[in-house]
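In what follows, a single structure is set out as structure tokens and then discussed.
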Amino acid sequence: MGLPLVVGVDGSESSLTAVDWAVDEAARHGLPLRLVYASWWERYEGPVPTGGAERPAEQTTAEHIVGYAAERARRRNPEVEVSTEIIPEDTVSALLREGNNASVLVTGRRGRGELSGLLLGSTSLAVAARAHGPVVVVRGDNDGPAGTHGRILLGAGEPGTGEEAARFAFREAETRGCVLDVVRAWRSPAQGTPGGTAPEAEPAGGYEERAAALLDELLREAAPEHPGVQVRGVTVEGPAHRVLVDRSAAADLVVVGARRRVGYFGLQLGRTDHALLHHAQCPVAIVPARV
């Protein structure tokens, strides 16, 4: 059995939806599921007492949260192995460390106590932006998380950032037995210049041809390992973030790559990744390139 799927749980409805998604994912891949609750309660309530002393309220809450999440997971699929962990630590730091020993790190779109109007919670954003392994943020309408479209969407990025994402997307499509749509967006400088006049140095068609060549190169490397996957590759004119957000409405999962800068601890997301995490209509997988 491989590394577990790790899910950050906090009692919010969003995290419970993430648990449901992760149970189904774990069952598809034959992997165990690990539910993690992390909070700094010791900083505010003191260390956990011994003997018969009353336990901190936050610890009791945490136990109820992980217990309910584990029960929910087992009801959804009794065959999936489920374990839980409560960690008295900053949530983001704990999940990032847990993600180092996970096949995939899974979060909901917004945590407990965060404003209902937020498109994406701060923890989910920070984890997706800094994790060194794949992160799935479960968001979108009911059809996306439920996997009823029969379609994985892969955003073909720049060379050096998209290879791991492509492998991840092919594995998902193969395991689910669904179609893999691979999209490479392109734009000519004319779209960003007054009057829409393309520079004389290169006609607009050259950008589309370059996009097609990059798409073909990506598929040549990933497709042979998964000959049973039906692949539909297409180039589309327009900003990548808008193209992928629009197409996410008909997908079960959208997959994009990311580049992590060594020694840099801030948020490391490109415009497309950021837009999908906030606006996609299905779960989003951010897959970092190997460093």
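The values are calculated or read from the model by the stated rules, or taken from the named source; none is laboratory data. Just so you know, these numbers come straight off a predicted model, no measurement behind them. Heads up, the Cβs are rebuilt from the backbone with ideal geometry, glycines too, and the neighbour counts pull from every protein chain shown. Ligands, DNA and RNA are excluded from the accessible area calculation, which covers all protein heavy atoms including side chains. Shrake-Rupley method; radii C 1.70, N 1.55, O 1.52, S 1.80 Å.
For segment 68-79, the criterion of being in contact (Cβ under 8 Å) with a residue 40 or more places away in the chain, under 15 Å from residue 22 (Cβ atoms) and open to solvent by less than 30 Å² (accessible area, probe 1.4 Å) is satisfied by at least one residue. The residue list 89, 79 contains one member that is modelled with pLDDT under 95, closer than 30 Å to residue 168 by Cβ and assigned to a loop (DSSP other than H, G, I, E, B), which is 89.
Residues in segment 274-291 that are in a loop (DSSP other than H, G, I, E, B) and of a type outside the set (Val, Ile, Thr): 280, 281, 282, 283, 289, 290.
To keep it simple, each residue is scored yes or no on (1) of a type in the set (A, V, I, L, M); (2) in a helix (DSSP H, G or I); (3) at pLDDT 85 or above; (4) over 25 Å from residue 246 (Cβ atoms).
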{"residue": "160", "(1), (2), (3), (4)": "no, no, no, yes"}
{"residue": "165", "(1), (2), (3), (4)": "yes, yes, yes, no"}
{"residue": "170", "(1), (2), (3), (4)": "no, yes, yes, no"}
{"residue": "174", "(1), (2), (3), (4)": "no, yes, yes, yes"}
{"residue": "180", "(1), (2), (3), (4)": "yes, no, yes, no"}
{"residue": "190", "(1), (2), (3), (4)": "yes, yes, no, no"}
{"residue": "199", "(1), (2), (3), (4)": "no, no, no, yes"}
{"residue": "202", "(1), (2), (3), (4)": "no, no, no, yes"}
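Considering segment 1-42, and only residues there that are at pLDDT 95 or above, assigned to a loop (DSSP other than H, G, I, E, B) and touching a Gly at 6+ places or on another chain (Cβ under 8 Å), the residue that is surrounded by the most Cβ atoms within 10 Å (Cβ to Cβ) turns out to be 31. Among the residues of segment 235-252, are any over 30 Å from residue 123 (Cα atoms), modelled with pLDDT under 85 and open to solvent by 30 Å² or more (accessible area, probe 1.4 Å)? For segment 235-252, residues over 30 Å from residue 123 (Cα atoms), modelled with pLDDT under 85 and open to solvent by 30 Å² or more (accessible area, probe 1.4 Å): absent. Within segment 92-107, restricting attention to residues that are out of contact with any helix residue (DSSP H, G or I) (no Cβ under 9 Å at 6 or more places or on another chain) and part of a helix (DSSP H, G or I), the residue that is least open to solvent (accessible area, probe 1.4 Å) is 94.
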